[in-house]
Amino acid sequence: MTGDAQEAAGAREIAVVAFAQTDHLRTTDELSEVEMLMPVLHEVLARTGLKTSDIDFTCSGSTDYLAGRAFSFTMALDGVGAWPPISESHVEMDGAWALYEAWTKLLTGEADTALVYSYGKSSPGSVRDVLTRQLDPYYVAPLWPDSVALAALQAQALIDAGDTDEPALAAVASRSRDAAGSNSHAQLRGSVAQGDYVVRPLRTGDCPPIGDGAVAVILAAGERARELCERPAWIRGIDHRIEAHGLGVRELTDSPSARLAAEKAGAFERPVDTAELHAPFTSQEVVLRKALRLDGDVVINPSGGALAANPIMAAGLIRIGEAAARIHRGASDRALAHATSGPCLQQNLVAVLEGDAR
Amino acid sequence: MSKEPVAVVGIGQTKHVAARRDVSIAGLVREAAGRALADAELTWADIDAVVIGKAPDFFEGVMMPELYLADALGAVGKPMLRVHTAGSVGGSTALVASNLIAGRVHGTVLTLAYEKQSESNAMWGLSLPIPFQQPLLAGAGGFFAPHVRAYIRRTGAPDTVGSLVAYKDRRNALKNPYAHLHEQDITLEKVQASPMLWDPIRYSETCPSSDGACAMVLTDRAGAARSPRPPAWMHGGAMRSEPTLFAGKDAVSPQAGKDCAADVYRQAQIVDPRREIDAVEMYVPFSWYEPMWLENLGFAAEGEGWKLTESGVTELDGDLPVNMSGGVLSTNPIGASGMIRFAEAALQVRGQAGEHQVEGARRALGHAYGGGSQFFSMWLVGAEPPTS
């Protein structure tokens, strides 16, 4: 194997053993974050028969900027039931990175099981405006360039480079929403019109739906994983990399950080049969397919991906959960799961999951 | 499989002040990181991954600022993690970084925490109105003062104990060139005459608002062997959380704090912390939290913590020095405050604490807490590598 992460993973086998998510909805006015999260936590625990007190480590991902208040994650902790006190941590990142932190905790041998969850309610605010607060606070954020406009810059760069065109982007959109037809949790399913330009060249159909949702997974190490799951989704490698923040110094038609993360995660050692990509915009799937060397034989986003449901802070962890679930039910033997953060795919995480031979 | 031993080989801080108007947020964090690298005699290229922490993003008004800080921290092309566990975050961030070494994912990791309070308004950031929730309009002092009163009533501690802590910590700060408050003319009388803010907490018994960053370079056994200066070795580390409010919660001595300390002592094979630990750097944002945490962490029996403070045991030249750096009472860049505690513990066992060095410190505890006394993170570091 190559890469630090694989050597470490080889040292202790760790698997995703359960996955649960909400139905992702445009609005959930009647629910607080805790109320949205609670059923998912109960469901993921029920899938393994574990109780809160059986979990060795808990880690979550969320952002105060969606909740509109400081320390919003402390309320979610009430939903976990942290009494007696639990060993627990939180990242202000997509839940995929919370899973990464939990994976390192299991690698140390201090924990055999971990509960990982994340959630986001985008509906109370204007998420296009909110995401501008991620940008350089002195030189860029004061201009309020919104997330669709930045993605459109990337899309136009791809078209200019001859990497794609508008019909190809429309095909990504329709394939994703068709696939979501068999995903009862998805927000946009079946035939969805491409619609008008939101920011040229991106049309409504090229953009993700805005919505609310939550996700939870359980990790377990070694024999514990086999006890809890008939066919565990073993994490053969997982790695994440970040790029420069300034869009002006990046090559937007490529994703060197996604490629490097994939290489470190061992994704290129053998072909995968499935890939769950966190590509909120159609054009970003084009970038990722190229960077991750995914050819026509790989099933891309059978869940519908982020174009069918994009609860911010949860959508990346959902990709890992969806990939793992396909391994659990025997629909995949080796899957790649990807998560992203920041403008125009600035930060990327890649996990390679495998099931035992059947 | 045994864990890889974790060593601290580089420590860097900014001079903490009320307002660093000469640097951006990026400039502030880079200054601390550069100093940690210089201390370790390493370069940016030697760093495998970056783990950053800070308190709520609303404090500076930057959402997920690690994205913007990737360049300043040399993280481009590397893994970068952003931890947020309320006030304990500086400690938790160091522990997350230590797991990357202990789990053998990486060899050398830069960890950093910061707050630039001058670009923010922490009181406002903590006081956004939330539907169906009790407002926290009085800031942190209003939240914690009733817990302090409960401690005093429970233990019968004399009213003066809080002022003794503040007087000690502010004098310790005079020996620490990085501390924010340097009150050359501090006297016990001045502390006791300062205005009452949240009874029984007086103005001079509260922490300042600071701009500052703290960074550490953590590495494995091989990295420690190359270290130009003595490393601090991690002997134990743990985090514990409990809900903010619930029936039966002991807000004075939370169970999560007791459990966290017990886990660290178990890992470090400490049976009697009072005898076996040479120095303690704990998170004391309001003076009375020193005696409260002394009990919570097992250095004194319940109801007895204030006696250690009153008898001078926790002075810099006492039997169990507490907050040698001047503590949070002298320096509070909120998100960094936990990491500064962890770093001070490491400085002590490396023998590099300068004027506030505890003679012969071999084992030191770093402690942080946050939220409504509900998130705890601690580590115990030693001058010798761990034996198991």
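We did not get these values from a lab; they are worked out from the coordinates using the rules stated. Please read these numbers as outputs of a predicted model, since none were measured by experiment. Cβ sites come from the backbone with ideal geometry, for glycine too, and all protein chains shown count toward neighbours.
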(message) Springs between alpha-carbon pairs under 10 angstrom, Gaussian network model over chain B: which of B:Gly91, B:Gly366, B:Gly303 fluctuates most?
(response) B:Gly303
(request) With +1 on each Lys and Arg Cβ and -1 on each Asp and Glu Cβ, and nothing else charged, work out how big the dipole of the stretch B:280-388 is about its Cα centre, in Debye to the nearest 20. (result) 400
(message) Just to confirm the number: angle between the C-alpha axis of helix A:315-328 and the first principal axis of chain A, 0 to 90 degrees, nearest 10?
(response) 60
(message) Restricting to DSSP H runs of at least four residues, report the calculated mean residue ellipticity at 222 nm for chain A, -39500 (n - 2.57) per run over all residues, nearest 500 deg cm²/dmol.
(response) -10000 deg cm²/dmol
(message) Just to confirm the filter: which GluC sites (Glu not before Pro) across the stretch A:249-358 are DSSP coil and have at most 13 other Cβ within 10 angstrom of their Cβ?
(response) A:Glu251
(message) Taking 22 Å as R0, compute the FRET efficiency from the Cβ-Cβ separation of B:Ala150 and B:Met123 and round it to 0.05.
(response) 0.40
(request) Give, as a single signed number, the net charge of other residues whose beta carbon lies under 13 Å from the beta carbon of A:Arg293, with Lys and Arg counted +1 and Asp and Glu -1. (result) -1
(request) Any lysines with Cα under 27 Å of the B:Lys78 Cα? List them, leaving off those in the same chain fewer than 8 positions away. (result) A:Lys105, A:Lys264, A:Lys290, B:Lys3, B:Lys54, B:Lys116
(request) Enter the mean number of other protein chain beta carbons within 10 Å of the beta carbon of each residue in B:81-93, as an integer. (result) 5
(message) Is the C-alpha gyration tensor of the stretch B:345-386 telling us rounded, prolate or oblate? Criteria: a/c under 1.5 is rounded; beyond that, a/b larger than b/c is prolate, otherwise oblate.
(response) oblate
(request) Just name one of A:Ile242, A:Gly266, B:His367: the one whose Cα is farthest towards the positive end of the charge dipole of the protein assembly as shown (beta-carbon charges, Lys/Arg +1, Asp/Glu -1). (result) A:Gly266
(request) Determine the principal axes of the Cα atoms in chain B, then give the extent along each, sorted from largest to smallest and rounded to whole angstroms. (result) 54, 45, 45
(message) Using helices alone, I'd like the mean residue ellipticity at 222 nm for chain B: each DSSP H run of four-plus residues gives -39500 (n - 2.57), total over residue count, nearest 500.
(response) -10000 deg cm²/dmol
(request) Please get the size of the charge dipole for the stretch A:266-355, origin at its Cα centre, with Cβ charges of +1 on Lys and Arg and -1 on Asp and Glu, quoted in debye to the nearest 20. (result) 120
(request) Using the charge dipole of the stretch B:234-338 (Lys, Arg: +1 at Cβ; Asp, Glu: -1 at Cβ; taken about the Cα centre), state which of B:Cys260, B:Gly305, B:Ala279 has its Cα farthest towards the positive end. (result) B:Cys260
(request) Go ahead and run the numbers for FRET between A:Glu230 and A:Glu43, Cβ-Cβ distance against an R0 of 25 Å, rounding to 0.05. (result) 0.90
(request) Please order A:Asp160, B:Asp220, B:Asp185, B:Asp211 by the number of other Cβ within 10 Å, starting at the fewest. (result) B:Asp185, A:Asp160, B:Asp220, B:Asp211
(message) Give the residue list of GluC sites (Glu not before Pro) in the stretch B:309-388 that are DSSP loop and have at most 13 other beta-carbon atoms within 10 angstrom.
(response) B:Glu359
(request) Please work out whether the stretch A:251-304 counts as rounded, prolate or oblate from its C-alpha gyration tensor, where a ≥ b ≥ c are the square roots of the eigenvalues and a/c under 1.5 means rounded, while otherwise a/b larger than b/c means prolate and anything else oblate? (result) oblate
(request) Once you have the Kirkwood Rh of the stretch A:205-356 from its Cα pairs, apply Stokes-Einstein at 20 °C and 1.002 mPa s and quote D in µm²/s. (result) 138
(request) State whether the stretch B:154-274 is rounded, prolate or oblate according to the following rule on the C-alpha gyration tensor (a ≥ b ≥ c being the square roots of its eigenvalues): a/c under 1.5 gives rounded; otherwise a/b larger than b/c gives prolate, and the remaining case gives oblate. (result) oblate
(message) I need B:Tyr203, B:Tyr265, A:Tyr139 ordered by Cβ neighbour count within 10 Å, fewest first.
(response) A:Tyr139, B:Tyr203, B:Tyr265
(request) Return the lysines within reach of B:Lys258: Cα separation strictly under 19 angstrom, same-chain partners fewer than 8 residues apart disregarded; answer none if there are no such residues. (result) B:Lys249
(request) Quickly work out the A:Ser182-to-B:Val23 label distance, labels modelled 7 Å from Cα along the C-beta direction, and quote it in nm with one decimal. (result) 5.5
(request) Starting from the stretch A:51-110, pick out the GluC sites (Glu not before Pro) whose DSSP state is loop and whose Cβ has at most 16 other Cβ atoms within 10 Å. (result) none
(request) Please report, in debye to the nearest 20, how large the charge dipole of chain A is about its Cα centre when each Lys and Arg carries +1 at its beta carbon and each Asp and Glu carries -1 there. (result) 400
(request) Report the net charge of residues surrounding A:Leu66, where surrounding means a beta-carbon distance below 15 angstrom and charges are Lys +1, Arg +1, Asp -1, Glu -1. (result) -3
(message) Report the gain in length on full extension from A:Ser123 to A:Trp144: 0.36 nm times residue separation, minus Cα-Cα distance, nm rounded to one decimal.
(response) 5.6 nm
(message) I want to verify a result. In a Gaussian network model of chain A, Cα cutoff 10 Å, which of these has the top mean-square fluctuation: A:Ala265, A:Ala168, A:Ala308?
(response) A:Ala168
(request) Measure off 7 Å from each Cα along the Cα-to-Cβ vector at B:Glu355 and A:Asp273, then give the distance between these two points in nanometres to one decimal. (result) 6.9
(message) For chain A, set up a GNM with springs between Cα atoms under 10 Å and report which of A:Pro302, A:Pro39, A:Pro208 has the largest fluctuation.
(response) A:Pro39
